[in-house]
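Engineer: Quick one: this structure, given as structure tokens, is what I'll be asking you about.
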Amino acid sequence: MARSGPLLSRALPDWLRRYPRPFLLDDVAAGLIVAVLALPQSLAYALLAGLPPQAGLYVSILPAIAYAWVGSSMVQAVGPVAITSIMTLTVLSPLAAPGSPEYVQLAAHLALLSGVLLCAASAMRLGFLAQLLSRPVTQGFLSGSAILIVVSQARILLGAPTLGELPTVLSHALHGSFSPTALLGLSCLGFMAFARYGLGPMLLRLGLPARPVGFAVRLMPLLIIALATLTVIHFALATQGVATVGAVQSGLPGLQFSLPDGTTLSRLALPATIIVLVGMVQNIAMAQSLAIQRREKVSANREILGLGAANLFGALYGGMPVGGGVSRTALNVAAGARTPLASICTALGMAAIVLLAAPAFANLPLAALAATIMVAAFSMIDLGALRNAWAYDRVDALSWLGTAGGVIFIGLEQGIAIGIALSLAALLVRASTPHIARLGRLPGSEHFRNVDRHQVDTLPHALFLRVDESLFFGNLTAVETRLAGELAQAPEMHDVVLVMSAVNRVDTTAMEALCDINRNLAEQGIALHLAEVKGPVQDRLMRSPLWPALRGQVFLSANAAFEALQRPS
């Protein structure tokens with residue numbers, strides 16, 4: 001018994017072992033507030049994923065507790081999110097009918113596989129794999145997914161029986177012919193859009209404090225959905241074709257577990273990998289951003305492990321993949337959360353709601369939930385990032401457009417594959433066409449700059465070239481072509497100095513090419529010199545055939561080379 005105390009203490013997370021008592025009231029209050037405000041979102045994202053609405057409530061309980069226990073962020077909240085929901089629907093709908101028992105089982109398998117991959121990535125410290133997705137690719141993927149979400153929910157909002165009939169219903173709405181569903185859905189959409197984008201600035205202009213204004217803005221979707229539900233009940237709109245959530249299963253489910261067979265595993269492996277990559281990028285980026293704002297520290301591998309644990313519990317309890325929710329986390333922060341205890345209180349609040357108030361969701365209109373999803377999805381469409389990328393780097397902008405276009409017109413998996421391919425292609429293009437500067441010395445100094453940008457001193461018989469890239473097989477042609485062009489314009493040259501301050505690595509092909517350049521220059525009576533060679537690069541070159549064959553010298557700095565070469569030999 002004496003050892004049970006230390007064992008229990010080691011099982012507790014660090015934040016709980018050293019929990020500051022003054023934080024308790026803030027965390028409990030924030031947790032209960034988020035439990036209420038995130039309720040419509042949890043239902044909506046389960047429906048977006050093609051699952052029964054109660055699944056969104058279930059995965060807001062044990063998965064949230066698992067992440068709070070294991071993760072490293074103090075305030076990040078985990079639960080059903082838009083991006084994993086639309087990916088779940090896109091991946092599984094070709095395999096089974098949404099809402100069917102087989103579909104629910106596949107969603108649980110997808111969550112299980114995602115959790116296993118995340119835990120494995122954390123164990124192997126593979127958090128760096130998230131860097132495979134550049135920001136333009138991630139932003140383009142999220143924006144393209146958001147457009148798909150908007151289109152998919154527009155059918156529900158307007159009451160179109162199928163997606164193919166959406167243009168007809170939309171045309172009728174534009175000509176003033178609204179069905180009860182469209183009238184209710186568009187009203188909810190308008191009020192929610194105003195609450196998100198117009199209410200806050202209006203209240204701030206009236207002089208109200210920022211924190212109460214933020215709380216009021218986040219409370220509005222819940223009030224709008226409540227009013228929409230009361231409208232459905234009062235006017236008996238369900239009898240007029242307005243679809244509602246319907247009966248929600250009362251009580252908490254038991255744990256359920258099953259392993260996918262080989263065929264299912266092969267079908268879900270790639271989608272689970274993409275969910276893992278996107279989830280890692282979002283989760284780590286959001287956790288680090290929050291930690292910087294709050295002057296805290298996060299561990300990337302612990303974040304991945306926390307997200308993996310949440311998905312494992314999502315497979316056992318609720319049956320859908322989960323992630324770090326941007327809006328849910330924003331609610332958590334705005335409500336005053338101080339530690340992960342707030343997320344645990346949110347989970348317990350959700351459990352109480354499921355136990356005590358499940359029948360109250362039956363008359364909740366699907367059009368109102370669709371409006372909630374659409375407003376959240378609109379905020380994910382980041383056209384500002386596209387504008388910035390277009391102004392700064394057109395290649396990154398094309399990666400954004402290629403990823404978004406691939407997601408919209410081909411599919412989520414293909415879209416992100418296109419984005420990664422474009423990013424890698426851009427990296428290869430940049431590396432294979434390095435910036436090469438001819439250098440001269442600024443008068444009266446030891447500093448060297450590009451002759452095309454500055455008034456500098458040069459030596460008529462010595463050419464100083466700086467290659468702003470590591471030397472590898474892909475960019476040697478560009479270096480050789482530039483060198484040949486410079487020498488053709490100045491036949492009086494008898495010294496060439498390669499300034500290698502920006503060269504971090506020289507591969508075998510590049511080393512052999514430098515040997516060839518040294519030999520060819522020597523045949524023309526020109527000496528090849530090196531300057532500012534970094535230590536690790538020099539260590540490798542000293543073991544190569546280049547070092548003993550080098551006709552020129554190796555200088556510590558470009559200025560040392562300039563001083564030595566300006567004196568007659």
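The values are calculated or read from the model by the stated rules, or taken from the named source; none is laboratory data. Note that the structure is a prediction, hence the values are computed from the model and not measured. Every residue, glycine among them, receives a Cβ derived from its backbone with ideal geometry; neighbour counts consider all protein chains shown.
Engineer: Collect the residues in the range 541-563 that are surrounded by 17 or more Cβ atoms within 10 Å (Cβ to Cβ) and in a helix (DSSP H, G or I), keeping them in residue-number order.
Structural biologist: Across the range 541-563, the qualifying residues are Leu541, Leu546, Ala558, Ala561, Phe562.
Engineer: Anything in the range 53-87 that is assigned to a helix (DSSP H, G or I), more than 16 Å from the chain's Cα centre (by Cα) and buried (at least 24 other Cβ atoms within 10 Å of the Cβ)? List them, or say none.
Structural biologist: The answer is Ala55, Gly56, Leu57, Tyr58, Pro63, Ala64, Ala66, Tyr67, Ala68.
Engineer: Which residue is nearest to the chain's Cα centre (by Cα), if the candidates are limited to the range 8-35 and must be within 20 Å of Gln76 (Cβ to Cβ) and exposed (fewer than 15 other Cβ atoms within 10 Å of the Cβ)?
Structural biologist: If we take residues in the range 8-35 being within 20 Å of Gln76 (Cβ to Cβ) and exposed (fewer than 15 other Cβ atoms within 10 Å of the Cβ), then Asp14 is nearest to the chain's Cα centre (by Cα).
Engineer: Oh, and also: Go through the range 309-340 and give me each residue that's in contact with a Phe, Trp or Tyr (Cβ under 7 Å, 6 or more places away or on another chain), over 17 Å from Leu255 (Cα atoms) and part of a helix (DSSP H, G or I).
Structural biologist: Scanning the range 309-340 gives a single hit, Ala334.
Residue-by-condition table, conditions (1) of a type in the set (A, V, I, L, M); (2) surrounded by 16 or more Cβ atoms within 10 Å (Cβ to Cβ); (3) modelled with pLDDT of 90 or more:
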| site | (1), (2), (3) |
| --- | --- |
| Leu92 | yes, yes, yes |
| Pro101 | no, no, yes |
| Val104 | yes, yes, yes |
| Ala108 | yes, yes, yes |
| Ala120 | yes, no, yes |
| Pro136 | no, yes, no |
| Gly140 | no, yes, no |
| Ser145 | no, yes, no |
| Ile149 | yes, yes, no |
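Engineer: Another question about this same structure. Applying the selection to the range 234-285, what residues are of a type in the set (S, T, N, Q), closer than 30 Å to Leu184 by Cβ, out of contact with any Leu (no Cβ under 9 Å at 6 or more places or on another chain) and loosely packed, with under 13 Cβ neighbours inside 10 Å?
Structural biologist: Residues satisfying the conditions are Thr239, Gln240.
Engineer: Scan the range 513-532 for residues that are of a type in the set (Asp, Glu) and under 41 Å from the mean Cα position of the chain (by Cα) and report the count.
Structural biologist: Here the count works out to 1.
Engineer: Mind telling me which of the residues Arg438, Arg430 ends up being closer than 21 Å to Ala561 by Cα and either of a type outside the set (Val, Ile, Thr) or not in a loop (DSSP other than H, G, I, E, B) (or both)?
Structural biologist: Of the residues listed, the single one that is closer than 21 Å to Ala561 by Cα and either of a type outside the set (Val, Ile, Thr) or not in a loop (DSSP other than H, G, I, E, B) (or both) is Arg438.
Engineer: Considering every residue within the range 256-263, establish whether at least one is over 19 Å from Asn363 (Cα atoms), outside any helix (DSSP H, G or I) and among the polar types (S, T, N, Q).
Structural biologist: yes
Engineer: Could you pull out the residue among Ser327, Ser343, Ser289 that is closer than 23 Å to Ala376 by Cβ, without any contact (Cβ under 8 Å) to a residue 60 or more places away in the chain and in the same structural domain as Gly127 (by TED's automatic domain parsing)?
Structural biologist: Selected residue: Ser289, the only one of Ser327, Ser343, Ser289 that is closer than 23 Å to Ala376 by Cβ, without any contact (Cβ under 8 Å) to a residue 60 or more places away in the chain and in the same structural domain as Gly127 (by TED's automatic domain parsing).
Engineer: Right, another one. Pairs needed: first member in the range 114-131, outside any helix (DSSP H, G or I); second member anywhere, modelled with pLDDT under 95 and buried (at least 16 other Cβ atoms within 10 Å of the Cβ); C-beta distance under 6 Å; at least 6 residues apart or different chains.
Structural biologist: So the pair list comes out as Arg125/Asn301.
Engineer: Right, here's the next one. Is there any pair linking a residue in the range 51-75 that is in the same structural domain as Met87 (by TED's automatic domain parsing) to one that is assigned to a helix (DSSP H, G or I) and β-branched (Val, Ile, Thr), with Cβ under 6 Å and at least six apart or on different chains, and which?
Structural biologist: Leu57/Val354; Ile65/Ile344; Ala68/Ile344; Val75/Val333
Engineer: Looking only at the range 413-423, decide whether some residue is in contact with a helix residue (DSSP H, G or I) (Cβ under 9 Å, 6 or more places away or on another chain), of a type in the set (D, E, K, R) and buried (at least 23 other Cβ atoms within 10 Å of the Cβ).
Structural biologist: No, the range 413-423 contains no residue that is in contact with a helix residue (DSSP H, G or I) (Cβ under 9 Å, 6 or more places away or on another chain), of a type in the set (D, E, K, R) and buried (at least 23 other Cβ atoms within 10 Å of the Cβ).
Engineer: In addition: Would you mind telling me which numbered condition in (1) more than 17 Å from the chain's Cα centre (by Cα); (2) in a helix (DSSP H, G or I) Ile147 fails?
Structural biologist: (1)
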